[in-house]
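Undergrad: Sending over a structure as structure tokens; questions will come in a sec.
Only the coordinates and a few stated rules stand behind these numbers; no lab work does. Given the structure is predicted, the values throughout are model-derived calculations rather than measurements. Here the Cβ positions follow ideal geometry from the backbone for every residue, glycine too, while neighbour counts run over all protein chains shown.
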Amino acid sequence: MTRLITFSFLAFMIGCTGFGKTDNAIRGIDISFDDRQIIYCIDHGEGQDAGLYIHNTNSGFKQRLLTPQPGFKFYNPRFSSTGDRIAFIESSNDAGGSRVCVVNSNGSGFNRLTNDSNIITEVMFTSDQQFLLYAGASEYNNYSPITVKNAHNFDIYMINLETLERKKLTDLHAYGLYHISSFDSSHVLFKLEAGDEGGMRMLSIDDMSITSIEPKVDLVEGDGGLYGAPAYSMEYDLLAFTLPYRLYYMDMRTRSPIHVESCRSQESISFVRFFHDQKKLLFTRFNDSRIYTVDIETGQVQFVN
């Protein structure tokens, strides 16, 4: 049963990378460090609503900053630490390659930083805003008859924003690598897909060491590969994470997991972010065009859009 869930969850993760074929869904979210702006990408296939959006959390006003060219889509946007720049991925709909892009948060200054056939699925700014980190894959294939083609052979790379010089940081050759996010100025969180040997990981940018992160209580009967979508709150020293159809958080000092939210089987939780000055989580559900917040102390769930 656990292995069946793992394969089902992997199929869901394909959609989260942006290479899935599902339309009418959120393809990545982020929130600015002052909690005032939410950015997200909508994939409506060739529909008129596709693009990169910014949403003001105080007024509720939303604006489309960019619209993809025909045959392309945007996904996985990230704010810089100052909130004035946004990095995101542009990909062709036939998965023929993807590009790292940046734009100012007012929609000006759009720039493609890469322009080759590499498969790039996620990107994030370093805290000093001098570099971008991204997840890149060298293969696009399917290794099982029950899954569709997807990106594989992943590692984490760095781009110097001044020189555009690129550097490979890891040598994982991972089957899947998702949800890269910041832990602190020298550590990066990510989800490693490697069967029951996968799970939540932390990369040290200083010495390139990688450590595993798991809750104190075994929620998965030894199958760490089911843990995913790690998102950290530096303000409260809390780590949010997902299991299939469930959302948890834990204090990093005790690592005792607390259940926050559950979904129906068709609505797995896909993207998760912490608010910075509130004990609230921002999250989306797979194949759903809505964005949600949940207060982790009261459990109250609300719609954002």
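Undergrad: Defining a contact as two alpha carbons under 8 Å apart and six or more residues distant in sequence, what relative contact order in percent does the chain show?
TA: Worked out over the chain, it gives 12 percent.
Undergrad: Based only on other Cβ atoms within 10 Å, what is the fewest-to-most ordering of Lys280, Lys191, Lys62, Lys216?
TA: Ascending number of Cβ neighbours within 10 Å: Lys216, Lys62, Lys280, Lys191.
Undergrad: Kindly provide the helix-only [θ] at 222 nm of the chain, computed as the sum of -39,500 (n - 2.57) over DSSP H runs of four or more divided by all residues, to the nearest 500 deg cm²/dmol?
TA: -1500 deg cm²/dmol
Undergrad: Return the whole-Å distance between the Cα centroid of the stretch 28-76 and the Cα centroid of the stretch 184-251.
TA: The two parts, judged by their Cα centres, are 26 Å apart.
Undergrad: Roughly how big is the stretch 32-112's charge dipole about its Cα centre, with Cβ charges of +1 (Lys, Arg) and -1 (Asp, Glu), in debye to the nearest 20?
TA: Its charge dipole is roughly 160 debye.
Undergrad: Rounded, prolate or oblate: which one fits the stretch 108-204, using the alpha carbon gyration tensor with axes a ≥ b ≥ c (rounded when a/c is under 1.5, else prolate when a/b beats b/c, else oblate)?
TA: Taking the square roots of the gyration eigenvalues as a ≥ b ≥ c, the stretch 108-204 is oblate.
Undergrad: Here is a follow-up. Suppose every K and R has +1 on its Cβ and every D and E has -1 on its Cβ; what is the size of the dipole of the stretch 96-247 about the Cα centre, in Debye to the nearest 20?
TA: 580 debye
Undergrad: Further, regarding this structure: With the dipole of the chain worked out from charges on the C-beta (+1 for Lys and Arg, -1 for Asp and Glu) around the Cα centre, which of Met202, Leu238, Thr67 lies farthest toward the positive end?
TA: Thr67
Undergrad: Can you list the lysines whose alpha carbon sits under 27 Å from that of Lys168, skipping same-chain ones fewer than 8 residues off?
TA: Reachable lysines: Lys73, Lys149, Lys191.
Undergrad: Now, a different point. Specify which labelled value, from [x] 1.07; [y] 0.91; [z] 1.13, agrees with Cα Rg over 2.2 N^0.38 Å derived from the coordinates of the model shown.
TA: Step by step, Cα Rg over 2.2 N^0.38 Å for this structure corresponds to label [y].
Undergrad: With bins 10 Å wide starting at 0, give me the P(r) of the stretch 54-143 over every alpha carbon pair, in whole percents.
TA: 15, 47, 29, 8, 1
Undergrad: Let me ask you something else. Using a basic spin-label model with each label point 7 Å from the Cα along Cα→Cβ, how many nm lie between Ile146 and Gln48?
TA: According to this spin-label approximation, the distance is 4.1 nm.
Undergrad: Classify the stretch 224-305 from the C-alpha gyration tensor, please: rounded if a/c falls under 1.5, else prolate or oblate depending on whether a/b exceeds b/c.
TA: Because a/c hits 1.5 or more and a/b fails to exceed b/c, the stretch 224-305 counts as oblate.
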